[in-house]
Every structure is written in C-alpha cells, then in structure tokens.
1. Which numbered condition trips up residue 141, out of (1) surrounded by fewer than 16 Cβ atoms within 10 Å (Cβ to Cβ); (2) within 23 Å of residue 6 (Cβ to Cβ)?
2. Considering only region 27-36, I want to know if a residue exists there that is more than 30 Å from residue 256 (Cα to Cα), among the acidic types (Asp, Glu) and over 19 Å from the mean Cα position of the chain (by Cα).
3. Starting from residues that are of a type outside the set (Phe, Trp, Tyr) and touching a residue at least 60 places away in the same chain (Cβ under 8 Å), keep the ones in region 53-78 and report whichever is surrounded by the fewest Cβ atoms within 10 Å (Cβ to Cβ).
4. With the checklist (1) at negative phi; (2) more than 23 Å from the chain's Cα centre (by Cα) in hand, flag the one item residue 55 doesn't pass.
5. Which helices (runs of 4 or more DSSP H) does region 114-201 wholly contain that include 1 or more residues that are within 23 Å of residue 12 (Cα to Cα) and out of contact with any Leu (no Cβ under 9 Å at 6 or more places or on another chain)?
6. Between residues in region 199-227 that are under 10 Å from residue 163 (Cβ atoms) and residues that are assigned to a loop (DSSP other than H, G, I, E, B) and polar (S, T, N, Q), which pairs lie under 7 Å by C-beta distance while being six or more apart or on different chains?
7. Would you check if residue 162 is in contact with a helix residue (DSSP H, G or I) (Cβ under 6 Å, 6 or more places away or on another chain) and modelled with pLDDT of 95 or more?
Amino acid sequence: MELLDGKKISNQIKDEIAIEVAKMKERGEKVPHLAAVIVGNDGASLTYVGSKVKSCERVGFESTLIQLPATTSEVELLNKIEELNDNDDIDGFIVQLPLPPQIDTQKVLLTVNPDKDVDGFHPMNFGKMALDMSTFIPATPFGILELLERYNVETQGKHTVVIGRSHIVGRPMSILMGRKGWPGNSTVTLTHSRTKNITQIISQADIIISALGIPNFLKAEMVKDDAVVIDVGITRVPDETKKRGYYLAGDVDFENVSKKASFITPVPGGVGPMTIAMLLKNTLLARERHKENR
Ligand code: GUN
C-alpha cells in the first residue's frame, strides 16, 4: 500500500506557486489576490476559510476575508458579490458553502463573474469543464486529479466508482474521471443515496472516490484487492477526550481498508490540503488571465 500524501504534495504545489509569485514580484507585477466570503458561524466552514486565507500568505498572495452575519439577506450577499466582481484589485473569490437557508445558492453562484470564479462553480465554468474546455476546475476534484497524477496512478480503462453526487465533489469528479486523457479515460459509475446494490458496485471498483460524509462507511469487505481508495469525507465526530471536542473522520475504515488498497488517502492529510493548494493554483490562473485581458 502506498499513501497518497496530500499534505506533502500540497506543500510541494504551494512551494511551486510561491516561486511563481516571487518571480511576479521581481518583475514588479501585482501578485494574485484571493477574496473569500463566509456567511454565518459554522465552525468547520470558518476553519476551512481560515486555512485558505492563511495559505495565501504562505505563497505570497494577497487575501481578503469577508465575514458576514448568519442573518445576511440574499440581496446583501448579492451586492457584496457585485462589489467583488467590480473590484479590479481582486483576481478571484469564493463564497464558502453551505449558505444559510434564506439565501438561494444557485442565484449566488450565477452572480459570481465566471472570470473570477476560482471555485469553478458557475454553470459556465462547470459546462466548460464537462466539454473539455480550459476553465477553473473545482478545487477538490482538481486536487484528486493532481494526486493521481503525481503518484502516477493508472486510470485508463479502470472502473471508477464515485460515491456521492454533490455539485462540489461527486458530480464534477464523475465527469472528470471519464474525460479523455490522464488522469481520466475511466469507466465511471456515479452512486448515491438511491443506488441499489451499492456494496456490490463498490466491490467491482478499481478506483473508489468516496464523498459521502458518513464516518467508516467504506469497510474492507467492500473493497477489491489493490483498489485505489480516495477518501473525501471529513466529518467532525464529537469526542470529549480531545481538546477541540471532536476528531476528524473520513468515510473509510482506514485501518482495515489500507491493508487491501494499492493506494489510499489518509484523513486528515489527504484530499483536504490538496483542495486548498488547487484553489491557490486557480487563483494564480485567474491572475494570469486577468492580466492578459487588460
Ligand atoms: N464547501 C465545501 N467545500 C467547498 C469548496 O471547495 N468551496 C466552497 N466555496 N465551499 C465549500
């Protein structure tokens, strides 16, 4: 078994980006500027956004964190997004999901200028991704592709089973793994809560990408020998013995599944840090495109 070490690879990617930023500075150019909007006080979302902003500092980007109260109205949020669209200093921005119930997420995603949509969630960018056109690929799926590539994992002709059809991970992942090229050229099955015989389907997978959010869902008995296992789950499980009051659990019973898998991601330290690295990569791309379009 080989560990797909997202922490290590994400640090390599951040180092590569930092070198690019240093060159920009040497040339007297403006450095990339990422803004992140968060609405409300969800602990996990605050942690994720905090890490995204901190990573900007690490690579030399500028960053802006916009924290809005949980009571923010849809109009107020849309106005903030328009402000970011119009602010020429900002190269890219994200609106952290999920949003409070009074806000229509689809309206929000449609309001983000596709050129600044470093999450790749705008329908125009999502459509371009599905059509193999150059665009921003959503950071988590992009991070998984990058891990597969850097560890030289064969995907061509393999049966990839994606578990979960969220717009952020499962759905784009299923499209990307079936695209022409590498990583890709896979035969993809997208499974979800209504899938019949899910255990049987998973047992036929060469590559399993689990984005379900149910701790310990994937057991060793469900996994074929030498399968590649990517665990996107990251659930906070209450635990009073921990200082933070919880521990982080993936979807995969790592202890037992790792004995059968050929490659496997740990939680934490697998897909999570890759998401942040790829968001930075998208922001660098946004800056380069922004510069060209002036
Ligand atoms: N919520 C969970 N993952 C993500 C992500 O990649 N981007 C945003 N904006 N929100 C998220």
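1. Of the numbered conditions (1) surrounded by fewer than 16 Cβ atoms within 10 Å (Cβ to Cβ); (2) within 23 Å of residue 6 (Cβ to Cβ), the odd one out for residue 141 is (1).
2. Yes, some residue in region 27-36 is more than 30 Å from residue 256 (Cα to Cα), among the acidic types (Asp, Glu) and over 19 Å from the mean Cα position of the chain (by Cα).
3. Checking each candidate, the answer is 55.
4. (2)
5. The qualifying helices (runs of 4 or more DSSP H) are 139-150.
6. 201/195; 211/166
7. yes
A quick yes/no check of all residues on (1) in a helix (DSSP H, G or I); (2) within 16 Å of the ligand (Cβ to nearest atom); (3) under 16 Å from the mean Cα position of the chain (by Cα); (4) surrounded by 15 or more Cβ atoms within 10 Å (Cβ to Cβ):
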site	(1), (2), (3), (4)
19	yes, no, no, no
25	yes, no, no, no
38	no, yes, no, yes
49	yes, yes, yes, yes
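The values are calculated or read from the model by the stated rules, or taken from the named source; none is laboratory data. Computed from a prediction, not measured in an experiment: that's the story for all the values here. Here the Cβ is made from the backbone with ideal geometry for all residues, glycine too, and neighbour counts use every protein chain on show.
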